[in-house]
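Step one of this worksheet: look at the structure below.
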Amino acid sequence: MRIDLNGAPVDTAATTLAALIDERGCDAASVASALNGAFVPRSLRAATPLSDGARVELLMPMQGG
Amino acid sequence: MFYGTDLTSRLMLGTAQYPSPQVLRDAIAASGAEVITVSLRREGPQGGAFRDILAASGCRILPNTAGCHTAREAITTAHMARELFGTPWIKLEVIGNADTLQPDPFGLVDAARALCADGFQVFPYTTEDLVVAERLIDAGCRVLMPWGAPIGSGQGLRNAPALAALRAHFPDVALVVDAGIGAPSQAALAMEMGYDAVLLNTAVARALDPVAMARAFGQAVAAGRAAHGAGLMPPRDMAAPSTPVFGMANLA
């Protein structure tokens, strides 16, 4: 299935948000996640299914003012 | 007090735009700041090193919602920040104009109400508008962060009388001048006016020597706070001799 990950199209075999984070090689504890503009807490990622065209954002701490 | 937290240093420092990670690290230390602001951005390979700097600084983290233009975006970002940093503190920015980076007061109040109800301790980046300030307090905010001038402009306290009115009107609310400060004297002025803290970034990060400038800001903020505590003399229209007139010799 094709999803949109951090603004770029990505083909993935993952069916849940947790599986996607794992598939991308991200450290699950050091990113925060949102699906289609809504926050998904870490504890709900495994129970959050992905569908074709899903917009996923994975964010981490960055410099800011 | 900032939501029950007392701070010795009243300088809050942004972490963006420094020439190198080492300069950032040294500037934080030289400034004496106990609170630093950070953002959330899409994950990339450089994130781990920045996380190490944050941890090593020993500072309290104030995550921001910079770049958000709607209440919904800001609320989602705040939730992501709370999970990532393990803090209820959020510097709430809802931008209304792309050129001035002026806060959108309507979206700001909406987002503040939702976040306060959800247990966040909100630091709203706002204007010096008294009515907006009242609405933010009604929404549950116990800290307000009026701008001095547009972000990154270095113009200082562009509307000092209105900032003074805000201070007089809300004696029990922690007030922080956030944005627009370009020189230590401007930070000192805010503190002399009775502000509880100042938050700045560009003036330090873009200085020729950011570490030295961070130290200068730390000293200016401390001096301004001490001066406010000491009680400034009221200005007079006319001169008043400081040297006693009594005992003056007649040498005419």
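Okay, here's what the table says:
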item	result
Residues satisfying the stated conditions in the range B:83-97, i.e. more than 9 Å from every other protein chain (Cβ to nearest Cβ) and crowded, with 21+ Cβ neighbours inside 10 Å	B:Trp89, B:Ile90, B:Leu92, B:Glu93, B:Val94, B:Ile95
Within the range B:1-43, considering residues that are among the small types (Gly, Ala, Ser) and part of a strand (DSSP E or B), the one surrounded by the fewest Cβ atoms within 10 Å (Cβ to Cβ)	B:Ser39
Unmet requirement for A:Gly65, which otherwise passes all of (1) within 10 Å of chain B (Cβ to nearest Cβ); (2) in contact (Cβ under 8 Å) with a residue 24 or more places away in the chain	(2)
Which numbered condition B:Arg41 fails, given (1) within 13 Å of chain A (Cβ to nearest Cβ); (2) within 15 Å of B:Val122 (Cα to Cα); (3) over 19 Å from the mean Cα position of the chain (by Cα)	(2)
Some residue of the range B:98-110 being away from chain A (no Cβ under 14 Å), free of Cβ contacts under 8 Å to residues at least 24 places away in the same chain, surrounded by fewer than 19 Cβ atoms within 10 Å (Cβ to Cβ) and not in a loop (DSSP other than H, G, I, E, B)	yes
Residue match in the range A:53-61 (condition: closer than 29 Å to B:Ala55 by Cβ, more than 7 Å from every other protein chain (Cβ to nearest Cβ) and small (Gly, Ala, Ser))	no
Residues of the range B:44-70 that turn out to be at pLDDT below 90, more than 9 Å from chain A (Cβ to nearest Cβ) and part of a loop (DSSP other than H, G, I, E, B), as a count	1
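Here is a yes/no grid of residues against (1) surrounded by 17 or more Cβ atoms within 10 Å (Cβ to Cβ); (2) part of a helix (DSSP H, G or I); (3) in contact (Cβ under 8 Å) with a residue 24 or more places away in the chain:
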| site | (1), (2), (3) |
| --- | --- |
| B:Val176 | yes, no, yes |
| B:Arg225 | yes, yes, yes |
| B:Ala240 | no, no, no |
| B:Leu251 | no, no, no |
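The values are calculated or read from the model by the stated rules, or taken from the named source; none is laboratory data. This is a predicted model, so every value here is computed, not measured. Note that each Cβ is placed from the backbone with ideal geometry, even for glycine, and that neighbours are counted across all protein chains shown.
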